[in-house]
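Take a look at the structure below.
The values are calculated or read from the model by the stated rules, or taken from the named source; none is laboratory data. None of these values were measured; they are calculated from a predicted model. Neighbour counts are summed over all protein chains in view; Cβ atoms, including those assigned to glycine, are modelled from backbone coordinates with ideal geometry.
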């Protein structure tokens, strides 16, 4: 009887397992992502940066554009560094020290998080909108339309990206358009114009494969309209590669902003004490590169910030790629 009861119990357990609804692709991918420690570390760090950006006025110990006239003209060192000059000796009032006009480095670093996230995400959304749209249309319609769109993509892809960024920033930086939000809008447009080509090629390749599948042919057979097939069948099945591509676009945009600001043609720092985006990490790196011998943390702090946010997005992108790879399901 004991053996029979044990056998029945195991059979019931198997029936219970078989009766459970299968997990969806997204649910399974999320579970795989949760098991990726590096990806989750990156997500937690990005969540922390998002909170820092949102609550910067509360977290920052000082206004990032206001100067302490008592120490103006002196680079106050980081809190743990002593100097022969009392005005340069570190103080926990300014944990990372100040610049030559008495502005707090830590406060500027905190507010720079806002620019980094905005510069990363908004161009990423614009890039995906352009690239996904062109890729879907080219891959699904095919023929002459595909040929024309891909030739346009080839032409844009052949443009040297960094040279194009420099030309755009120099050409429009003094215009009304270039001055919107201290140059942020111009930077968004500049980054979006040439970065969509890789996404368009990726999506087109996915669509060319998907439109030959049985479920698409069945949708055609029952008279489903083309836009409905794209919206309900094609596009949802391309979301995995699109999400991964988006995760890798963001750090590239952040680094590009830092490079352009370092060259002096990126976002212009603001002197308005109520500015939402008073400075960027690229601006801080530019200032720090000129004064690193006098105040090294003006350069070290933003350089570490750029490096860590880039690593975080890279870890998340790698994790998403592993979690959404159908070959690993």
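Results, tabulated for the structure shown:
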{"read-out": "Test: residue in region 207-228 that is touching a helix residue (DSSP H, G or I) at 6+ places or on another chain (Cβ under 8 Å), touching a residue at least 12 places away in the same chain (Cβ under 8 Å), part of a helix (DSSP H, G or I) and crowded, with 21+ Cβ neighbours inside 10 Å", "value": "yes"}
{"read-out": "Residue within region 280-302 that is over 28 Å from residue 123 (Cβ atoms), buried (at least 20 other Cβ atoms within 10 Å of the Cβ) and either touching a helix residue (DSSP H, G or I) at 6+ places or on another chain (Cβ under 7 Å) or modelled with pLDDT under 90 (or both) present", "value": "yes"}
{"read-out": "Every residue from region 278-295 that is part of a loop (DSSP other than H, G, I, E, B) and free of Cβ contacts under 8 Å to residues at least 24 places away in the same chain", "value": "292, 293"}
{"read-out": "Lone qualifier among 117, 96, 106, 128 - being touching a helix residue (DSSP H, G or I) at 6+ places or on another chain (Cβ under 7 Å), closer than 17 Å to residue 298 by Cβ and buried (at least 18 other Cβ atoms within 10 Å of the Cβ)", "value": "96"}
{"read-out": "Residues satisfying the stated conditions in region 50-70, i.e. in a loop (DSSP other than H, G, I, E, B) and either touching a strand residue (DSSP E or B) at 6+ places or on another chain (Cβ under 6 Å) or closer than 16 Å to residue 270 by Cβ (or both)", "value": "60, 62, 63, 64, 65, 66, 67"}
{"read-out": "Condition check for residue 275: more than 30 Å from residue 182 (Cα to Cα) and either modelled with pLDDT under 90 or assigned to a loop (DSSP other than H, G, I, E, B) (or both)", "value": "no"}
{"read-out": "Candidates 199, 189 - the one that is assigned to a helix (DSSP H, G or I) and crowded, with 19+ Cβ neighbours inside 10 Å", "value": "199"}
{"read-out": "Check on residue 317, surrounded by 23 or more Cβ atoms within 10 Å (Cβ to Cβ) and either outside any helix (DSSP H, G or I) or touching a helix residue (DSSP H, G or I) at 6+ places or on another chain (Cβ under 7 Å) (or both)", "value": "no"}
{"read-out": "Filtered residues of region 54-75 (kept if buried (at least 18 other Cβ atoms within 10 Å of the Cβ) and within 30 Å of residue 319 (Cα to Cα))", "value": "56"}
{"read-out": "Index of the failed condition, residue 185 passing every other in (1) within 18 Å of the chain's Cα centre (by Cα); (2) over 12 Å from residue 267 (Cα atoms); (3) free of Cβ contacts under 8 Å to residues at least 12 places away in the same chain", "value": "(2)"}
{"read-out": "Test: residue in region 169-178 that is in contact (Cβ under 8 Å) with a residue 60 or more places away in the chain, surrounded by fewer than 18 Cβ atoms within 10 Å (Cβ to Cβ), in a helix (DSSP H, G or I) and more than 22 Å from the chain's Cα centre (by Cα)", "value": "yes"}
{"read-out": "Selection status of residue 22, in a helix (DSSP H, G or I) and either surrounded by fewer than 14 Cβ atoms within 10 Å (Cβ to Cβ) or at pLDDT 65 or above (or both)", "value": "no"}
